[in-house]
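The values are calculated or read from the model by the stated rules, or taken from the named source; none is laboratory data. Please read these numbers as outputs of a predicted model, since none were measured by experiment. Please note: Cβ atoms are built from the backbone with ideal geometry, for glycine as well, and neighbour counts cover all protein chains shown.
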Amino acid sequence: MDFPNAISVSPGTSPVEDQPKLNPIDSTCTVLIVGATRGIGLEFVKQCLSKGSTVIGTHRSEEMPTEFQSLQAEFPKTLIGLQMDVSSEQSIQDASMAFKAKDIGSISHIIHNAGIYLPETSFDGKSRGPPPTVTKEVMLKTFEINAIAPLLVAQHFVPLMGKRNKLLYPIIAFMSSKVGSVDDNGSGGAYAYRSSKSALNNIAKSISNDLADEIRVVLLHPGYVRTDMTSGKGFIDVDESASGLLNAIEATDANTGFRFVDFKANLIPW
């Protein structure tokens with residue numbers, strides 16, 4: 001089978017894609033959700049559990065957060081916590097070994113949700129807005145979590161993934177952001193966050209090319225969601241965002257090309 005071409009769209013357009021359920025998330029799936037204890041990540045956990053999947057949810061701290069513990073008590077057989085700090089490659093490697101030791105079987109999906117948005121910075125701190133000048137420290141920390149960590153997670157967990165059949169490839173879904181689109185950048189600013197997501201987009205594209213015989217990759221934009229990251233601001237709630245993004249994931253099979261899509265099924269220019 002030929003690897004399908006990546007899908008790109010023209011600047012200034014956002015065509016809506018069809019999203020038939022080609023690869024449904026169901027009781028045959030084991031879904032690893034990276035960054036699973038709050039916001040969109042926790043909502044992914046809830047919705048995947050409601051579809052009957054086994055869910056492995058990662059938490060950064062040694063102890064699981066209270067809400068995650070409560071959910072695990074409700075789904076003791078299908079929700080498993082996995083401690084992993086994505087800022088540490090050793091922690092990522094240890095988590096992959098811990099998963100393998102659980103002898104659960106192959107992972108069908110990885111949804112990499114973990115990310116950070118540090119206090120906003122501007123080019124020079126001048127009157128374009130209140131943010132301070134961008135710093136090396138902010139840039140490096142943002143790249144570490146938003147671009148490097150997803151690559152390291154893929155390196156350590158892809159060997160634990162497996163096809164369900166010849167069309168149902170395992171899927172890695174990376175949470176990107178529309179602000180990472182170079183074509184869509186019409187307002188400037190957000191140097192660290194924008195560039196880290198642009199880097200993630202290119203990393204994801206390379207993974208898609210390099211592992212074309214093994215997995216499928218999709219980039220996701222969640223929209224402006226009311227979460228802790230946005231201080232409760234936003235246009236939509238986590239349930240609407242997560243549901244729309246899962247539709248995009250479920251519309252991805254062996255014949256679906258690599259693409260950048262939002263929660264409303266809009267394809268996003270690079």
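So the values come out like this:
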quantity: Within the stretch 1-40, tally of residues that are among the small types (Gly, Ala, Ser), modelled with pLDDT of 95 or more and in contact with a strand residue (DSSP E or B) (Cβ under 6 Å, 6 or more places away or on another chain); calculated: 1
quantity: Selection within the stretch 157-197 - modelled with pLDDT under 95 and among the β-branched types (Val, Ile, Thr); calculated: Val179, Val182
quantity: Selected residue [closer than 21 Å to Thr30 by Cβ and touching a residue at least 60 places away in the same chain (Cβ under 8 Å)] from Ile92, Ile80; calculated: Ile92
quantity: Only one of Leu32, Leu22 that is at negative phi and touching a Phe, Trp or Tyr at 6+ places or on another chain (Cβ under 8 Å); calculated: Leu32
quantity: Members of the stretch 1-29 that are among the charged types (D, E, K, R) and over 22 Å from Gly162 (Cα atoms); calculated: Glu17, Asp18
quantity: Positions within the stretch 70-82 being over 19 Å from Ile110 (Cβ atoms), among the polar types (S, T, N, Q) and within 22 Å of the chain's Cα centre (by Cα), in sequence order; calculated: Gln72
quantity: Filter result (hydrophobic (A, V, I, L, M, F, W, C) and in a helix (DSSP H, G or I)) within the stretch 172-223; calculated: Val179, Ala192, Ala199, Leu200, Ile203, Ala204, Ile207
quantity: Top-ranked residue of the stretch 50-83 - restricted to ones that are in a loop (DSSP other than H, G, I, E, B) and touching a helix residue (DSSP H, G or I) at 6+ places or on another chain (Cβ under 9 Å), ranked as surrounded by the most Cβ atoms within 10 Å (Cβ to Cβ); calculated: Met64
quantity: Test result for Ala154, crowded, with 19+ Cβ neighbours inside 10 Å, closer than 30 Å to Ile104 by Cβ and at pLDDT 90 or above; calculated: yes
quantity: Search result, residues across the stretch 89-136 that are surrounded by 15 or more Cβ atoms within 10 Å (Cβ to Cβ), among the hydroxyl-bearing types (Ser, Thr, Tyr) and at pLDDT below 80; calculated: Thr121, Ser122
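So that you can scan it fast, the table gives a plain yes or no per residue for (1) closer than 21 Å to Gly39 by Cα; (2) surrounded by fewer than 21 Cβ atoms within 10 Å (Cβ to Cβ):
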| site | (1), (2) |
| --- | --- |
| Asn185 | no, yes |
| Gly189 | no, yes |
| Val238 | yes, no |
| Ala248 | yes, no |
| Thr252 | no, no |
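Matching residues to (1) in contact with a Lys or Arg (Cβ under 8 Å, 6 or more places away or on another chain); (2) over 22 Å from Leu246 (Cβ atoms); (3) part of a loop (DSSP other than H, G, I, E, B):
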residue: Asp26; (1), (2), (3): yes, no, yes
residue: Gly41; (1), (2), (3): no, no, no
residue: Val45; (1), (2), (3): no, no, no
residue: Asp85; (1), (2), (3): yes, yes, yes
residue: Lys100; (1), (2), (3): no, yes, no
